[in-house]
Structures are given as structure tokens and as C-alpha cells.
Amino acid sequence: MGTILSVKNISKSFPGVKALDDVSLDVKSGEIHALLGENGAGKSTFIKIVSGVFRADEGEIFIEDRKIDVKSPADAVEAGISVVHQELNIVPWLDVATNFMLGQERTKKFLNVIDKKYSIQKAQESLKRLGFDIDVTKKMQMLSFAEQQMVEIAKVISTNPKVVILDEPTAALAQQERTNLYQVVNALKKQGVGIIYITHIFEEVFSLADRVSVLRDGQYIGTADRENLDEKALIKMVVGREVKSEPRKSIATDEVILEVKGLNVEGKLHDINFNLKRGEILGFAGLAGAGRSEIIRAVFGADRKDSGEVWIEGRQVEINSPYDAYQAGVALVPEERKSEGLMMEMTMEYNNTCASLSKMTNKAGMISYKKVRKRAREAVKKFEISPPDVLRKAKLFSGGNQQKIVVSKCVNADPKILLIDEPTRGVDVGAKEEIHAILDGMVKEGKSIIVVSSELLEVLKLSDRVLVVRDGRIVAELTKEEAGQEVIMQYAMGGKQL
Amino acid sequence: MSKESQSKTLNSIKNWYATSKQEAGLYIALVVLIVFLSIASPAFLNADNILNIIRQVSIVGIIAIGGFMVILTGGMDISVGYVAALTGIVVAKLTIDMDVPMPLSITAGMCVGLLAGLLNGTLSTYLNLPSFIVTLGTMQICQGAGYVITQATPISNFPESFVALGRGYWGPVPIPVIILAGLYIFMSLFMKYSKFGTYCYALGGNKESARLSGIRVNRIQVLVYILGGLFSSLGGLIVAARTNAGSAQVGSTYLFDVFTACVLGGTALSGGIGRLPGVVVGCIFVGILNNGLVQLNVDSFYQMMVQGIVLVIAVVLQSLMTREKRIKK
Amino acid sequence: MSKESQSKTLNSIKNWYATSKQEAGLYIALVVLIVFLSIASPAFLNADNILNIIRQVSIVGIIAIGGFMVILTGGMDISVGYVAALTGIVVAKLTIDMDVPMPLSITAGMCVGLLAGLLNGTLSTYLNLPSFIVTLGTMQICQGAGYVITQATPISNFPESFVALGRGYWGPVPIPVIILAGLYIFMSLFMKYSKFGTYCYALGGNKESARLSGIRVNRIQVLVYILGGLFSSLGGLIVAARTNAGSAQVGSTYLFDVFTACVLGGTALSGGIGRLPGVVVGCIFVGILNNGLVQLNVDSFYQMMVQGIVLVIAVVLQSLMTREKRIKK
Amino acid sequence: TPAETPQDSKTPEESAQESVASAEDANGDGTVKIGVPVFNLGHTYWVSWVDEIEKLAEEKGFEVISADSKFDAAKQVSLMEDMIAQGCDAIILCPVDPGGVGVVIKEAEAAGVRVILSDLDVVDGDGNHVASGLVGIETYETGKLEGKWAADYAKEHFDGRANVAVLSYPAEQPCLDAENGFLEGLKAELGEENVKAVIMNGQAETEKGMTVTENILSANDDINMLWGANVECTLGGVAAMESRGMTQEDAVACAFYTNPDVMDLIQADESMFKVTMHLPPRVMADTAVDMALKAVNGEEFEYEIKVPFELCDKTTVEGLMEE
Ligand SMILES: Nc1ncnc2c1ncn2[C@@H]1O[C@H](COP(=O)(O)OP(=O)(O)OP(=O)(O)O)[C@@H](O)[C@H]1O
Ligand SMILES: Nc1ncnc2c1ncn2[C@@H]1O[C@H](COP(=O)(O)OP(=O)(O)OP(=O)(O)O)[C@@H](O)[C@H]1O
Ligand SMILES: [Mg+2]
Ligand SMILES: [Mg+2]
């Protein structure tokens, strides 16, 4: 097994941050090399440099001992480096097949006409290999977030690359798809492809990786063989300290705070009924595309509902828009932070407070930037947002830190009911515990929370009660004691009926 | 199995509908307009008038191809009209005042578009300047140059052969119409089936994604601006031939006509969405509207108002017909 | 501790730089222009001419406030110039031809802006129509209505008191300048410190995020269009007062001036980015450019060219100065 | 033959010669500066007009500052302000909006800048002249004259019927007056019932004139006459008619104002372009400059001098071309 990719002494500074400081790494062919680190450690920056998105300040990149100069993504693609980036990169108005082949089209000689048939066939095949059967002539925009992510992954591994880099590929995926992905990654490994796999999920590291490298604050911490590591050691390596994970104690009351009756959205949701109690964390589980996000979006008023009633604290409320929801004390952390959660060009403090500006005014009704700043600084501390710069534009934060900003925005609004879709997508181990602790703290204050998560363990750990969703219907309600990975999966996949 | 094939046809119908429905409302608005006009004015529907309309439309139509491409990739080119004017002027100056042979002066004229496009493209792409300002600058430069060259007096009297480009017929069909039709068919197919065309859509849809997919976005962007310039120049040649003069008084209205045609035709000004067939229908709509007001002998003071109102109605109609079922985003 | 406070001042300097640097290039371009003009033409820097420039700028400046707000929220309003013109015409018609008392006719004039804004806002927001077409329609309607009302003959001779609005002085300072300054200071603070103002930025930054954050995006959007109309109307009042007439021959140049001022001032046409102080500097730049060309006695045919070239240079300069260290995008 | 004898005691030519007025500044501190905020440089007439002024400037040794108002009233006011601020001694202009410039003219005069108007007069609320002088024109009467000419032509060639496609330009007052005069003259000679007018805005541009005429022709197959508010749009109209196969047998084209191209056409045998009204830019410019210099030097002069249009048809065209 020879070294296929070797990166030497990379440094990169952004204004105000040294994102990478003299980092070296090598990947052997047929190896899965996990790259770990806290949010903002520099992982994405590292792979963006390797793939030509950024230029390094210093350092060299070798492929099969040949030095290459990647000035643009096109150069990287030519050199055989394929990347699934952390943030979705799709063209929403083009169809799946075209998105799939973008940049790799097979063309006829005449005027570079694209061989469309081939595109469709290839896209369909590759997606099937991932256990994924969708109509590739659909517009990309019509797909769910998870499906879009799958298309990107399928695209990258279909190009016969020498090196594949996956930046948190599973963050948006549910269990089933994750399993499919693992198989494909292992198959690639067998073909001798070198793989860099960035993740915050430790099970993945232990089931997939051959070697593990860790970055912290832009510094290279070290590389170790997987065999020589256990979870504790790995956490210590990543976070630099130990992280305690305590099981949650339920404090749910019997008082129903939210009740949803007969909710229907044509073609998506069918007769949804459930309730949420004060002080409860209610989990929604299910496969990707099952309709979990749709339920809470409809409740929140983000999507139109065809019928259904929402009762809050025993009174029926009309929620036809997110504004109505906020007025009724309901907030939502949306699924897609980039397109739904953040204003990328605005500062962290703006994003942090834009849902709670009414609380940031002084007596004259003017916005008090002192208050805004104070609140933002508190959020930075509470959520350990790094770098702790409240005037930094949202787009300049790392993925995990962006997620924390979205959560902090909704927490700031101080809602009675928090709906939260994938609360810790892309968040590191340490910060994940922090967010869990914050949610726990909120219910202790008498708030109630609905959590939708593709990470079963997270659902299980947080929830007092779990609802399983399949094909737009709630198919099971499980108490904390009944709920377990297997049971949920059985319901979710339709193996077991209520 | 049969069920599968059934769903396939169903799907392809759905797809056809999905692709053309962004223009469906426009078609309906167009039909309404035509029906109304042919009832209100008997002369409207005669063959003569119809040829007349499409001949008039052809210039805006040709310029609009380039304008469309620029908009599609997420930019905007407001210099189109004056690039067209300057092209005509350069050709006139060279041919008429300086006796340069026709092919040479036409080449020089096309160079106006090429250079304008290159300037627009390079500055807005590589220096990342807002295309509005850059093309506004180019527009003023072209307009000024046009006046400097002509001193506001049109340069007239081209050789017959050149005039035919604007006024001639091929059988019963005006030559500009043939040029337009040819270009539209070719470019529609090209935009749909070629790599370049697909990349244009990708650029407009999400430039960063396109870049990350290994597409050399800057190069394509510049090329699109150049094509925009060239189509403007071609339109300018035909204007010059049609009016038998190179004149600086031409060009002010093309900008709005082109944008109107594109937007009516379903092109999103934010880029990534739109089809050439829609644009040509948009051009025809604008042409019919202008013609119809004359046919109806609307007082010229009221013409502008009526035009504005019809435009708003058309776009409302279009949007109501086109409305996709409210899905998220 | 001292280290901390040091880094604090450093940070606040950085912050100031960060917020104003999007206009930094413009300031430099402006200074270059001023230095050049005052060397080239001795009359340029005298107090008279300077007051003159800012008085001229004030109309575009006032209209640009509204235009800026619309652009900031991600729309565009191309009807501004003709809404202004129609306002002046309505006021003139009512006051001069129909002897309606001044306050009433001014109210009626402002209603032009209100209605135009309401139309623009409602159609583009609730029907989700492209703002380009909607406001183009409104523009044509206003322009047409202006011609219909005036029959192309300006309606002149306002009462002295009204004319003072455009031509009067308060001490040495022209009244329009005072109005502009007042509005700018108020609106700059309003955009920064009011909820409404901050929400405008949110809308332009990411409408969907804003919506999901519980902001009533549609209502704000419509309000912004209405404000846009009202500022145009206010500008129109001042034009009418300044030219002592309601005339349909006014308004064609404001659109480009407003857009140019906004873009030069660092406003992104895609929305979400920009500050009013930048816009006012942009207006001043445009005003000085126009004035300077007359000062230098540039041949008027060359004026357009020079204007185009200076514009491109200014925006290049601006971009080079403003460039965030080359990172992606 | 001139269309009309001016009412004034002196012909413009005479008064121009009389004062080869020294371009010495009144107070002798330098050369005289004259500001010219031109009506609309988009049109040939105004270009030649400014050119004439500039030529005179060289001959007589004064300085000209010209800029284009682009047919925008507010822009013209701005330019005048610029020119006042810059210390011009006089301003010559054709007002885009005669109602609107009054205040600025007053301001200018108050600041010692003498204002000479061209084409259109400006009065204040009490009906007093606000400027120092006026070079006047008579577009309505001139239009009537041309209408008479066209009526005679129609009697001779079209059995006394005139079906006119009118390419109007209502935005400019003189053009509108000329149009009304033309139709009036036509009707007076032929009788209301024998005149049909289809009036559309030709926007004073060749391409627009052409498009509009095409549309008129396809809606009305009996058109035998064309009138355009300026040369540019009329040429477009003629092109539209010719490309439909119409010849001088079928129709006659009349325009307002001139340029060299049109004179060529009128002189040629085969063109349907038969007549236009010529307003000599040189005389207009001469007269205005002369007035301005006199005003600056504090000399006496008549407030208004009228410059007549000259009828330009086959019989007169050669004489006019020589100028
Ligand atoms: N374009 C940019 N401009 C300025 N700073 C940036 C930019 N991109 C990233 N950074 C900064 O560089 C540091 C490293 O970010 P990076 O995205 O590489 O982190 P990461 O390890 O991928 O984190 P995560 O696990 O949250 O995705 C962060 O502090 C981030 O704020
Ligand atoms: N914009 C859209 N247009 C049409 N269909 C959509 C759209 N978004 C999602 N869908 C469909 O709706 C269904 C449910 O969506 P979604 O995947 O978001 O549900 P989910 O249970 O929240 O899944 P996950 O959160 O795991 O992605 C899917 O079948 C998806 O294809
Ligand atoms: Mg990352
Ligand atoms: Mg979901």
C-alpha cells in the first residue's frame, strides 16, 4: 500500500484566524483516513486547500509522489481528487442527472453535445449502488436535503478518483443511508482509492477508519492507528480533555402544552396527531424522507397545511406563518442551516439576535447594540462558538459553529416550545454534549422541545418519548423504556405495525 | 412492467409540462392579446401585418439571445442597445464614408461587440465588479463613441446588397426573420444539449457549485459576455441595414425590450432559470403589443399607459398560471 | 488586562474599518476626482459651485434613499424617475390649473408615490412577480399618465412658497440640501437602530431565513416599496419646485443615477449589503462627475464617453481597495 | 423664397453684420464665456447649431461651454446652474421646459449672466419677459405653409385627397405646433372631409419612425402622405413605405427641419421625399450669439428677432444647399 496523497506543511491564515498551522498528512491507497477535530479546528479548510477551493499560504501537495499545483477545483478534479464538501453544492434548477454529471459530462464530438442518455443511466446506476432509487430526471430542488446529499456523494465516487474526500458526509443522512454509504466507502477502499473521511461521529471512526488524524486549533495533533485507540483516548485527543456524557433524567409533567390534531398536507402528511407535555423532550425518528421535518414545519407554519388544528396550552391557535408561531411561543431550528437558518453575509451577532430583536430595544424602541452584543457574547460563551468574534460574518464560521449560531438564535427568542430539526448536525463531541445540556436546561425551566434527528442515539438519549414516522404517518409512539435502536428501526422500515 | 412504462409516459408528460409551464401563462396572455386584437382590428390578422410584426421583432429577438445568456448566467448586460447602435455606425462609417469593402467593415462592426463583451466580461468576472455598473460604463462609452463618430447625423446609403439584410425577402419571408429563426433554433438546441449551454445554467443556478464541480466558471462567464456583445452587434447590423443608416439615435429602447422579453419569457433575473423559446415568445408579445396599439389607433399619449397596464396584466396572468404548488423554498 | 483593552481598541478600529470599507474605495475615487478637478478647473472648488453641486445632488439623493431600500431588500424599482415626474405633474395640475390649496395637492402628489409603491409592492411580493417587470409597468403607466395630464406642455408657475422648496435657502444652505441631510441622518439611524431597518437587511440577506425567524417578510417588503414610492414622490415635489413646473420631460435620468449611486456606494444589487452613507457618497460622486465635465468644458459628445470611462475606473478602484484578501468567491 | 418676412426692422443677416461685436469682456478682464446647455444633442439640428456657435467663438474670440440637456428639463436647469457657478457671462438656450426655466433665468440675470433664448419665449407669472433676448421661430405658421404646399401636391397627384401618416413628436412643443399647423393648412385647402390623419408617436428616431409607419401602413392601406416631426423619423417612414414597394406615384413625404441627406433626396428625381422646412442653424446661431455679445457689452438691441423657416422643395433646394 503506497502513499497516494501526501500533503506537507500546509499553513493558511484568514483575517484574524490562523486556520491551519504547518499541517502535514498522508493517505495511503486503499486506506480510510479519518480526520477529526473540534468545530473550527481547520478540517474543512484543509480539504478545501487540497481540492483547490482555497490557496494555501505555504505547503505542498503530492499525488503519487508527483507534486501538483491546485489553483482551482478544476485542477484538483483533473488530478483525481474528488470531494464531497460539508455544505451542499447543488444547482437546484437542474435535474438530478445533470447535477450528477456536472463537470464530467460525456460529450459527442459535434458541438460538445452532452450524451444525455448516458448521464441518466450512469446517475441511476450509481445512485442504485448506494441503495437509492430516485427519478434522476426530477429537478434537484424537488429532492429532500438528504437525497441531495446522496446525489453529491454518488457523484463523487462515480468519477474513478484516486483520492476521495468526504467532509461530514453522513451528517444529513439517516441510519439506513449511512449503512449504505459505509458499504460503498469500503468498496472504494478495496479498489485502492485513498479516502479522507471527516466526521464527528465516533462509531463511524471505529467501524470504518484505518488511521485517525486529529487537528486542534489549526494545529496538527497526531495520527494513530485505529487499533490503538479507544473512545476515551480519542475524545481526549480531539477535545484535549474528557467529556462527560450523563444520561438525562426525565422531568416531563402531565400538562399538555402542545396538541396537534388531524394534520394533513396533501401528498406528504396524513392524519398526524400527537401532543407534547410541559418539560418534555419529544423525539421524532424515521428514515430520511419519512416526513419528520414536514410535520414540524407544518406545525410551525413554515409550510401550508391542508387541514389540522394546533392547540397550545389548551387554546386553539391559528398558525399560518412563522411569525404566528413566534407570537404563540414556538420557535424552529430549521434543517438546512445554509439556506434556511442563516444570513450568510450578516454578522454572528445579527444572526444570533434577529429572531428576538424585540427584546434588544431600549426604552425609546431603538435597538440597543449594547444589548445585542452582550447577548451575542453570552451565546458565544454558552455554545463555545469559535472564533469568539461576534462581528464575524456567518459565512466565515466553520460548519459546526454555524449550527451553534442557528440554535442560539432560537434559544434567544425564549420560546415556550422549541422545534429543533437535526440539532447537532456537524457539531463536535464536546459541543454536542453542551447543546444537549442546554436543551436539558431549557426543559428544566419549564419549556418543551421536539427533536428531529437522524442520529438514533441522539434521539434515544434526549427523548422522553419517541414518535416514529413513516411515509408521512406516525406509526409508533414509544416511551423512553420501550424505545431502542432496533425497535425504532423496525417501525421506521415498516417491518412492524402499530 | 406495463405499470412501469405507463408511469414513464406519465413522467415524460409531467416533465414536458414542468419545463414549458414557466412560459404557459405567457402563451395564454399572448393568445388573449391576439384574440382581442383580431376582434378589435380586422387588419391585425392579415398575413401582411403578421410578417410585419415578426420582422420588427427580429432585431430585438436577436439581441435578446445574447441578453438572455448573460442573464441566465446571473449577470446583466445593459449595454446591448448601444453596442448595437455603435456597430451600425462603425460599419456605416467604414463602408460609406471610407469606402472600406463590405466584408471588412462588417468584421470591424462585429469587433465592437467582441470588445464590448470582452470588457464587460473581464471586468465583471475577474475583478468581480457588479455587472450593472460595468455594462453601464460600456453603454455610455458606446453611446458617446457613436455620437462622436456620427456627430449625430446618421450616415446613410449602404450598398443595396447590405440593405437587403434588413429589408430583403426570401420568398415571402423577410430575411431578418430567417436569421432570427435560424439563430433561435440553433441556440435553443445548443443551450439545451451542449456542454456549454448546460454550464450556463449551472453558473446561474449556483456559481460556487459549478466551480467546485471543476467547471472553469470564469472562462465561461467571459465567453457569455462576448457572445452577448456579438449578438448585439449582429442585431446592430440588421438595424443599420433596415434603416439604411448608421445612427446614434438607435438603441435606447432595446434594453427595456430585451429585459421585458426575457422576464416575460420566464427568465429569472437572478439567473439559472429560463429558456430561449420563452424569450422569443416574450419578444413576440412585446412586438404585438406595440403593433396592436397602432392598429387600434390608441392616442399616443395613452399608448404608454396602456402598454404598462397590459404588461402588468400579462405578468400577473403568467404568474397565476405558472404557480407551482407551494412547496418549501 | 492592558493587553485586553488594547485588543479591544484594535477590535473597534477593525470594526469601523470592516463596516466602512465597503465604501473605502469610493472615498478614494472621490478624493482623486476632486483633487483632479480642482487642479484642472479653478472654479470647481469655490463655495458657490460646491453648494451648487450638493443642491443638484439632493434630488437624486432623496430618490436614492427609497431606491436603496428596495434594492437592499433584494428587489428593484425602476419606476422611481417617472413616479417623481408624475408627482410633480399632479401637484402642478391641481395647484395651478385647478386652484386646489397647496397642502391638499401636495398630499395628492404624495399619494402617487404611495399608490405606485403599493402596486409595485403588492404585485411583486404577494404574487411573487419579478420586480423588474412590475416596476417597468408602473413606470410606463406613470410616464403615460404624465403625458396625458400635461399633454406634453409643462404646467408652470407655482406659488412662490412652493418654489422655495426647490430654490430657497436657509442661511447660505439650499433648502433641498437641508431636506436631504435631514432625511439621510434620520434614515441612516432608522435603518440601523429600528427593527424595521434591520429586518430590511435580513430580507435581502436571506428571505427564507428571515421568514423562518418569525419576521413578517411580505409586509416589510410591501412597506419598503411604498417607502420607495414616497421618497420618489418627495424627490418629485422638489424637482417640480426647482423647475417651477410639473413636466413630463423629467425623470428619464434618475433611474440610472440612483442605481449608479447605490452600486458605487457599495450596495449589492442582490440585496442585503449596503449602507445609506455609502449611497449619499455615491450620489455626490455622480453629481461631481456631471458638474466636473461641464467645468472642464469637455465636448459634450465626449462627455458621455468620459463619464463611462470614469465610472468604470471608479468601480475598479473601489473593488481593488475593498477587496477582502483573496479568499473564495 | 423665404416663408415669411420677419416683423422686425432688421433682418437677422443685417444685424449680425452690424455688430462684428468685439468679444472683449465688458469689464475687460478676459474673454467672454458663453454657456450653451443644448436642447438635445441627439438630433442633427442641434449639433449643427452648436457647431455654428463654436465656429463663431473662434472667429470672434469668445469661449463656449456647451453640454447636453438630453431633453430633460431638470438636467437643463442643473447645467445652467453649473454655468452660472462657473462664471459664464451669457447663456444661450432653447428651453426644454419654458415654464420651468424661468426661475433659473431670473437667477442668472440677477447674477449678471445675460440669457438669450432660442425658439421659445419664457415669461413669468405676470407675462413679462425674463430673459434678455429671444431668437424666435414660428412653427405653427410654418407648418401651415407646408400644409398648403402638401395640399397643392395632393390636388395635383392624388385627386385632392390626403391620407396622412403623421409621425408626431408631442413631447416637443415646436414639433406639436408644426404638426397642428400642417394639418390645419392641409384641411384649409382640401376641406376637412378630404383629409384623414393617423397620428402616432414617431419618437423622432429613424428606427421608431420606420416601425410605426410599418404598423400604420398595415392598418391603413390608403395612406398617400407622410409627415414627420423631424428628418430622422421621416426617413424611417420613407424607408418603410419604400420597402413596401411604394413609390412617388403612391405617396409623398414631408418633414420638418433638414439635414444634408434630405436635401439630396429632395433634389433627386426618384424619391417620394418632396418637401421639408429648413431652419438655418447658422442664422439661428449667429443671431443668438450676436444678441448675447451685445447684451454682455451693454449695447442696445431689440428683444425678439424672428428667424423664418425656408421652404425646401425641388425648386429651392439648390439654393439652400449652397449655404
Ligand atoms: N472563508 C473564510 N474566511 C475566514 N475565516 C474562515 C473562512 N473559512 C473558515 N474560516 C475559519 O477557519 C477556521 C477553520 O474552519 P474550518 O471550516 O476548517 O473548521 P472545521 O474543522 O471544518 O470545523 P467544523 O467541524 O465545524 O466543520 C475557523 O475558525 C473558521 O472560522
Ligand atoms: N421541495 C420539495 N418538493 C417536493 N417534494 C419534496 C420537497 N422537499 C421534500 N420533498 C419530499 O417530501 C418527503 C419528505 O421530505 P424530507 O426528506 O424532508 O422528510 P424528513 O422525514 O424530514 O427526512 P429527513 O429529515 O431525514 O431529510 C420526501 O419524499 C421528499 O422527496
Ligand atoms: Mg468543516
Ligand atoms: Mg428532515
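With respect to (1) away from chain C (no Cβ under 14 Å); (2) closer than 27 Å to residue B:302 by Cβ; (3) touching a residue at least 40 places away in the same chain (Cβ under 8 Å), the lone exception for residue D:153 is condition (2).
The residues of the range C:200-217 that are facing chain A (nearest Cβ under 7 Å), touching a helix residue (DSSP H, G or I) at 6+ places or on another chain (Cβ under 8 Å), touching a residue at least 12 places away in the same chain (Cβ under 8 Å) and of a type outside the set (A, V, I, L, M), listed by number, are C:201, C:206.
Residues satisfying the criterion are present in the range B:218-233 (criterion: open to solvent by 20 Å² or more (accessible area, probe 1.4 Å) and polar (S, T, N, Q)). If you check residue A:407 against the conditions, is it of a type in the set (A, V, I, L, M, F, W, C), without any contact (Cβ under 8 Å) to a residue 60 or more places away in the chain and away from ligand 1 (no atom under 11 Å from the Cβ)? Answer is no for this residue. Take the conditions (1) under 25 Å from residue B:217 (Cα atoms); (2) at pLDDT 90 or above; (3) not hydroxyl-bearing (Ser, Thr, Tyr); residue A:42 misses just one of them, which is (1).
Every test in (1) over 22 Å from residue B:180 (Cβ atoms); (2) surrounded by fewer than 19 Cβ atoms within 10 Å (Cβ to Cβ); (3) not β-branched (Val, Ile, Thr) is passed by residue B:94 save one, and that test is (2). Give the range B:288-302 a look and list any residue that's facing chain C (nearest Cβ under 7 Å) and open to solvent by less than 30 Å² (accessible area, probe 1.4 Å), or say none. Once the filter is applied, which keeps residues that are facing chain C (nearest Cβ under 7 Å) and open to solvent by less than 30 Å² (accessible area, probe 1.4 Å), the range B:288-302 yields only B:301. Consider the range A:107-119 and keep the residues that are within 12 Å of chain B (Cβ to nearest Cβ) and not charged (D, E, K, R). The one that is surrounded by the fewest Cβ atoms within 10 Å (Cβ to Cβ) is A:110. For the range A:172-184, the criterion of a residue being in a loop (DSSP other than H, G, I, E, B), within 16 Å of ligand 3 (Cβ to nearest atom), at pLDDT below 90 and closer than 20 Å to residue A:285 by Cα is satisfied by at least one position. Only residues that are more than 25 Å from the chain's Cα centre (by Cα) and either open to solvent by less than 10 Å² (accessible area, probe 1.4 Å) or free of Cβ contacts under 8 Å to residues at least 12 places away in the same chain (or both) were counted in the range A:330-363, giving 6. Scanning the range A:470-482 for residues that are touching a residue at least 40 places away in the same chain (Cβ under 8 Å) and either surrounded by 20 or more Cβ atoms within 10 Å (Cβ to Cβ) or in a strand (DSSP E or B) (or both) yields A:470, A:472, A:473, A:474, A:477. Do you know which of the residues in the range A:402-430 that are open to solvent by 10 Å² or more (accessible area, probe 1.4 Å) and under 16 Å from residue A:326 (Cβ atoms) is nearest to ligand 3 (Cβ to nearest atom)? If we take residues in the range A:402-430 being open to solvent by 10 Å² or more (accessible area, probe 1.4 Å) and under 16 Å from residue A:326 (Cβ atoms), then A:411 is nearest to ligand 3 (Cβ to nearest atom).
Checked across the range A:150-165, the condition of being open to solvent by 10 Å² or more (accessible area, probe 1.4 Å), within 16 Å of ligand 3 (Cβ to nearest atom) and within 14 Å of another protein chain (Cβ to nearest Cβ) holds for at least one residue. Within the set A:294, A:259, the sole residue that is part of a helix (DSSP H, G or I), open to solvent by 30 Å² or more (accessible area, probe 1.4 Å) and either under 22 Å from residue A:462 (Cα atoms) or within 16 Å of ligand 1 (Cβ to nearest atom) (or both) turns out to be A:294. The criterion of being within 16 Å of ligand 2 (Cβ to nearest atom), closer than 30 Å to residue A:432 by Cβ and away from chain B (no Cβ under 14 Å) holds for residue A:176. For residue A:224, the criteria (1) more than 14 Å from chain B (Cβ to nearest Cβ); (2) away from ligand 1 (no atom under 16 Å from the Cβ); (3) outside any strand (DSSP E or B); (4) of a type in the set (A, V, I, L, M, F, W, C) hold in every case but one, which is (3).
The condition of being out of contact with any Lys or Arg (no Cβ under 7 Å at 6 or more places or on another chain), surrounded by 23 or more Cβ atoms within 10 Å (Cβ to Cβ), modelled with pLDDT under 85 and not in a loop (DSSP other than H, G, I, E, B) holds for only one of B:26, B:86, that being B:26. With respect to residue A:216, is the statement that it is more than 30 Å from residue A:294 (Cβ to Cβ) and within 16 Å of ligand 3 (Cβ to nearest atom) true? Yes. Taking first residues from the range A:288-304 that are more than 12 Å from chain B (Cβ to nearest Cβ) and partners that are within 16 Å of ligand 3 (Cβ to nearest atom) and in a loop (DSSP other than H, G, I, E, B), the Cβ contacts under 9 Å between residues at least 6 apart in sequence or on separate chains come to A:288/A:172.
Of all the residues that make up the range A:78-94, how many are away from ligand 1 (no atom under 16 Å from the Cβ) and touching a helix residue (DSSP H, G or I) at 6+ places or on another chain (Cβ under 9 Å)? Final tally of qualifying residues: 7. Only one of A:467, A:460 is open to solvent by less than 10 Å² (accessible area, probe 1.4 Å) and either of a type in the set (Val, Ile, Thr) or at pLDDT 90 or above (or both); which? The match here is A:467. For residue A:104, the conditions (1) within 20 Å of residue A:73 (Cβ to Cβ); (2) open to solvent by 40 Å² or more (accessible area, probe 1.4 Å); (3) away from every other protein chain (no Cβ under 14 Å) all hold with the exception of (3). The set of residues in the range C:58-83 being open to solvent by 10 Å² or more (accessible area, probe 1.4 Å) and in contact with a Cys (Cβ under 8 Å, 6 or more places away or on another chain) consists of C:60, C:82. In this structure, residue C:273 does not satisfy being at pLDDT 90 or above and open to solvent by 10 Å² or more (accessible area, probe 1.4 Å). When restricted to residues that are within 12 Å of ligand 4 (Cβ to nearest atom) and in a loop (DSSP other than H, G, I, E, B), the range A:264-291 contains 6. Does residue A:396 qualify as being of a type in the set (A, V, I, L, M) and within 8 Å of ligand 1 (Cβ to nearest atom)? Here the answer is yes, as residue A:396 does meet what is asked.
This table checks each residue for (1) closer than 26 Å to residue D:208 by Cα; (2) open to solvent by 30 Å² or more (accessible area, probe 1.4 Å).
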position	(1), (2)
D:239	yes, no
D:250	yes, yes
D:262	yes, no
D:271	yes, no
D:281	yes, no
D:284	no, no
D:293	no, no
D:303	no, yes
D:314	no, yes
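When residue D:120 is tested against the conditions (1) under 19 Å from the mean Cα position of the chain (by Cα); (2) at the interface with chain C (Cβ under 10 Å from one of its Cβ atoms), the lone failure is (2).
The values are calculated or read from the model by the stated rules, or taken from the named source; none is laboratory data. Nothing here was measured: the structure is a model prediction, and the numbers come from that model. Every residue, glycine among them, receives a Cβ derived from its backbone with ideal geometry; neighbour counts consider all protein chains shown. We work out accessible area using only protein heavy atoms, side chains counted, and drop any ligands, DNA or RNA first. Shrake-Rupley method; radii C 1.70, N 1.55, O 1.52, S 1.80 Å.
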